[in-house]
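Taking it in order: structure first as structure tokens, then the write-up.
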Amino acid sequence: MTPKAIVEAALAKGLDLIAVTDHNTALMSPVMAEVARAHGLAYLYGLELQTYEGVHVLAYFDDEARCLAFSEEVYGLLPHSTHDPYGLSDQRLVDAEGRLIRIEERFLVNGLRLNFEEAVQRIRERGGFPVPAHVDRNMFSVKSQLGRLPEGLDLPLVEVREACTPELCRGASILRTSDAHTLEGIGQRVTDITFNEPTIAELTMAARRQKGRGLESNVPTS
């Protein structure tokens, strides 16, 4: 999944905005943004945190510098471990042409020294937009690890794969994304967002359905 291949797959599915949220790192974001925008595709910076409890939380940013600074902070909260219990492929950092720059030795799919509520707060403090990921999934989710979405966090948007219960969404708008780990998975789930530009402020208004902004998600059948 080179940057160019990801962008070409997204364009082939008719997408006009993407975000690549790698586990606990945003180091590929600058390259992805460069390739996406060169092909006329809007890009939102981000990464996917794994909390101490094992909950995945998306952190979106509209500013590259803030996103990379937060990525570095998150890296410092990872265990110093190279052990991969899942047998995943090499964690490769590549350039715009897909050429290998280096392989990350520290295993990234690991729980941080932050719990769920701390992660949400930290993302906000760093200028990001927190979105609990695949809350209805049976692993690495609010449902599997916490049982329900904690009250009082004022989360206007949650990512859902299929269906959401009141305990998991608490009135939040629903975001559906590909969460793709293969090129074939890109565009399987999409969300139509009505906003003026891909910024955190606009995304927040869309999630809250303010000032004519809004979003509608669906699961394509093909």
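Considering every residue within segment 151-172, establish whether at least one is more than 19 Å from residue 45 (Cα to Cα), hydrophobic (A, V, I, L, M, F, W, C) and surrounded by fewer than 18 Cβ atoms within 10 Å (Cβ to Cβ).
Checked segment 151-172: at least one residue is more than 19 Å from residue 45 (Cα to Cα), hydrophobic (A, V, I, L, M, F, W, C) and surrounded by fewer than 18 Cβ atoms within 10 Å (Cβ to Cβ).
Only residues that are modelled with pLDDT of 95 or more and of a type in the set (A, V, I, L, M): list them for segment 67-93, please.
68, 69, 74, 77, 78
Please state which one of 74, 20, 31 is surrounded by 17 or more Cβ atoms within 10 Å (Cβ to Cβ) and touching a residue at least 60 places away in the same chain (Cβ under 8 Å).
That would be 31, the only listed residue that is surrounded by 17 or more Cβ atoms within 10 Å (Cβ to Cβ) and touching a residue at least 60 places away in the same chain (Cβ under 8 Å).
Quick check: is even one residue across segment 42-49 within 12 Å of the chain's Cα centre (by Cα), assigned to a loop (DSSP other than H, G, I, E, B) and in contact (Cβ under 8 Å) with a residue 60 or more places away in the chain?
Within segment 42-49 (the criterion being within 12 Å of the chain's Cα centre (by Cα), assigned to a loop (DSSP other than H, G, I, E, B) and in contact (Cβ under 8 Å) with a residue 60 or more places away in the chain), the answer is yes, since at least one residue qualifies.
Any idea which of (1) under 21 Å from residue 46 (Cβ atoms); (2) outside any strand (DSSP E or B) is the one residue 193 doesn't satisfy?
Only one criterion in (1) under 21 Å from residue 46 (Cβ atoms); (2) outside any strand (DSSP E or B) is unmet by residue 193, namely (2).
Taking residue 147 as the residue in question, decide whether it is loosely packed, with under 14 Cβ neighbours inside 10 Å, assigned to a loop (DSSP other than H, G, I, E, B) and in contact (Cβ under 8 Å) with a residue 12 or more places away in the chain.
In short, yes.
Which one of these does residue 89 not meet: (1) touching a residue at least 60 places away in the same chain (Cβ under 8 Å); (2) part of a loop (DSSP other than H, G, I, E, B)?
It is condition (1) that residue 89 fails.
In segment 96-111, which residue that is touching a strand residue (DSSP E or B) at 6+ places or on another chain (Cβ under 6 Å) and surrounded by 14 or more Cβ atoms within 10 Å (Cβ to Cβ) is farthest from residue 1 (Cα to Cα)?
The selected residue is 111.
Identify all residues within segment 1-40 that are among the small types (Gly, Ala, Ser) and either touching a strand residue (DSSP E or B) at 6+ places or on another chain (Cβ under 7 Å) or part of a helix (DSSP H, G or I) (or both); write none if there are none.
5, 9, 10, 12, 19, 26, 29, 33, 36, 38
The values are calculated or read from the model by the stated rules, or taken from the named source; none is laboratory data. In this text the structure is predicted, and so the values were computed from the model without any measurement. Cβ: placed from backbone, ideal geometry, glycine included. Neighbour counts: every protein chain shown.
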